[in-house]
Amino acid sequence: MLSIRDLSVSYGSIQVLDRLNMEIGDEKIAIIGPNGSGKTTLLKSISGLISDFSGDIIYDGQSIKASKNMPGLGINLPDVFRVLDADARVLIKIYAQAVGVEEERIMHDMVRFGLDRAMNRKMREMSEGQKKIFCNIMALHLGYRIALLDEPFESLDQRSKGLLAEIIGDRREPVMIITHEIGMLRKIRHLKLFFMFNGKLFGSAPADLIEELYIDPDPSGRVLFQIDSGDRTFYVKIGSGKVKLSAAGSIDLVSEVLYD
Amino acid sequence: MIKEVAIGILKNRSIWFWSVLFVLVWAVIGSFIASKGVAVGSEKYYVSAWYSIEAVISAGASGTSIAYITFFSSSSLAYLFRFSRLKPVHYELIFLVGYLITSITTLTTVTAANIFLFSLRFGRIILPEPYIIPVIIITGAFMYVFSVMVALMVNNHFSLKNASFTSFVPLFLAFISAYLPLYVNISRWIAVAYPFLGIEYLLSYAFTGTVNLSLATPSSSAISPAAIYASVIGWTAILFITDVILLRRIKPRSAEEMRQL
């Protein structure tokens, strides 16, 4: 489905992604990492919103750089839904027709999240939570082959978080989730967990085992893989370790605890 | 999709404010404040001058909104051209038609308001010729392809710090061009070759039946409307093709990047 080969992205002199390699088949993937580790840049590169990169991204057998009119990849970044500065109802109609998905199915999920009352609003008139729900639903439907979700749980209330986790969990098609909220990943079954630090990808571990995953600077014990964050090296382990991943809440906290 | 696009553009409040309400203030000034001393028999020339200036400014104001919308859509379009069935040429056609529906609505409103106000002022109905309809369509089409070209050129090749200023280029050019035939001697060559003047002459022609190089002097030299039609349509076609080429190479730019400037 998606193959990332030696992907490197720099903003000026700052290298954000460093020769990243990844293969995504028919699976659900979550990438966690601290702020600035390159997660969103990875999603933007895959979706063509950043074109100035070295290496290659192959989507359905074709390089992203050369791809045209290949529907089926959805992404929840708000910049993708700004055509015409139109209201939500018009945007749904335009995107559904352009991609070739059923508008009614999108509306059905909008209603499930209670967003039907905001259909006359433009994206910029929505609250952060409404905007996030709208973009998530659009990405999941437009991405009928693969959906890329950047911080999909951010700004959502508990009910919406649970509902979204349920929808992602029930989905058969591949999803790539980027999040700080480790706790939400427990609710999604069969998720492969990757870690991103300083533009490098490490992993993977099954998120189903998240209650048993630990991060530890000490290599002794049952090590799944090693993470080299640049200035420090630590290990993802099963069974025991310094920081229990599921209890940390956020990967930023993991970093803080480890660095303490 | 044309219906959705037309609805999306029609709901744009800034187009209605600047292209209709703002311009109607000029219509009121032209009909009731500045109209003292208009010679009997020359009313239609007076009306044509005011109307054509207003209509060009109205179209320019819409063009500014279109340029702004295009800037904010760059990432969306880059995504859609890659991951939907939408092709740049289809986008340009669909959005042009969608915009024309809005443009015809706004310019018809401005035209109707002018007819009403000036007829009220002069005590008789002053109507344009029926060929004002194709002129309104050509005006809208030209302004759309021009505004999209300006926005895409900056989006693809320049820093977005120029974006806000560039959005106003259609309005600036419309405003400056609209007053040129009142105060400057326009050569036939410029009248035909410069499309902003061309659409103004055609709008004026719909009221007077002749294209006079000076809008202030009905006896000034007349030129063939056919040449101006051909020129404006030619420019519209060239800019349409330019837009499609620029759309194929559209560079996704962050809306946040533009909003900060």
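Yes or no: region B:188-195 includes at least one residue that is in a loop (DSSP other than H, G, I, E, B) and under 25 Å from residue B:104 (Cβ atoms). Checked region B:188-195: at least one residue is in a loop (DSSP other than H, G, I, E, B) and under 25 Å from residue B:104 (Cβ atoms). Please determine, by comparing only the residues of region A:78-91 that are in contact with a helix residue (DSSP H, G or I) (Cβ under 7 Å, 6 or more places away or on another chain) and more than 7 Å from chain B (Cβ to nearest Cβ), which one is surrounded by the fewest Cβ atoms within 10 Å (Cβ to Cβ). Within region A:78-91, the match that is surrounded by the fewest Cβ atoms within 10 Å (Cβ to Cβ) is A:78. If the condition is being within 23 Å of residue B:69 (Cβ to Cβ) and among the aromatic types (Phe, Trp, Tyr), then region A:99-146 contributes only A:134. Taking region B:11-33 as the range and being touching a residue at least 12 places away in the same chain (Cβ under 8 Å), in contact with a Phe, Trp or Tyr (Cβ under 9 Å, 6 or more places away or on another chain) and more than 10 Å from chain A (Cβ to nearest Cβ) as the test, the residues that pass are B:26, B:27, B:30, B:31. Residue A:112 meets each of the listed conditions (1) of a type in the set (D, E, K, R); (2) within 13 Å of chain B (Cβ to nearest Cβ); (3) touching a residue at least 40 places away in the same chain (Cβ under 8 Å); (4) more than 24 Å from residue A:193 (Cα to Cα) apart from (2). Checking A:3, A:8 one by one, the residue that is farther than 30 Å from residue A:172 by Cβ, surrounded by fewer than 19 Cβ atoms within 10 Å (Cβ to Cβ) and at pLDDT 90 or above is A:8 and no other.
Every residue, every condition in (1) more than 14 Å from every other protein chain (Cβ to nearest Cβ); (2) surrounded by fewer than 22 Cβ atoms within 10 Å (Cβ to Cβ); (3) among the aliphatic types (A, V, I, L, M); (4) under 13 Å from the mean Cα position of the chain (by Cα), yes or no:
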| position | (1), (2), (3), (4) |
| --- | --- |
| B:73 | no, no, no, no |
| B:87 | no, yes, no, no |
| B:94 | no, yes, yes, no |
| B:97 | no, yes, yes, no |
| B:109 | yes, yes, no, no |
| B:113 | yes, yes, yes, no |
| B:116 | yes, yes, no, no |
| B:122 | yes, yes, no, no |
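Each residue in region B:233-261 was checked for being modelled with pLDDT of 95 or more, away from chain A (no Cβ under 14 Å) and either out of contact with any Pro (no Cβ under 9 Å at 6 or more places or on another chain) or surrounded by 15 or more Cβ atoms within 10 Å (Cβ to Cβ) (or both), and 11 of them qualify. Against the numbered list (1) surrounded by fewer than 22 Cβ atoms within 10 Å (Cβ to Cβ); (2) assigned to a helix (DSSP H, G or I); (3) free of Cβ contacts under 8 Å to residues at least 12 places away in the same chain, residue A:94 comes up short only at (1).
May I ask you to verify whether residue B:77 is touching a Leu at 6+ places or on another chain (Cβ under 6 Å) and at the interface with another protein chain (Cβ under 10 Å from one of its Cβ atoms)?
It is false that residue B:77 is touching a Leu at 6+ places or on another chain (Cβ under 6 Å) and at the interface with another protein chain (Cβ under 10 Å from one of its Cβ atoms).
Right, residue A:16: in contact (Cβ under 8 Å) with a residue 12 or more places away in the chain, in the same structural domain as residue A:150 (by TED's automatic domain parsing) and in contact with a Phe, Trp or Tyr (Cβ under 8 Å, 6 or more places away or on another chain) or not? No, not satisfied. Reported count of residues in region A:123-137, each being out of contact with any Leu (no Cβ under 8 Å at 6 or more places or on another chain) and buried (at least 19 other Cβ atoms within 10 Å of the Cβ), is 2.
The values are calculated or read from the model by the stated rules, or taken from the named source; none is laboratory data. Since the structure is predicted, the reported quantities are computational estimates derived from the model, not experimental observations. Glycine gets a Cβ as well: all are built from the backbone with ideal geometry, and neighbour counts include every protein chain shown.
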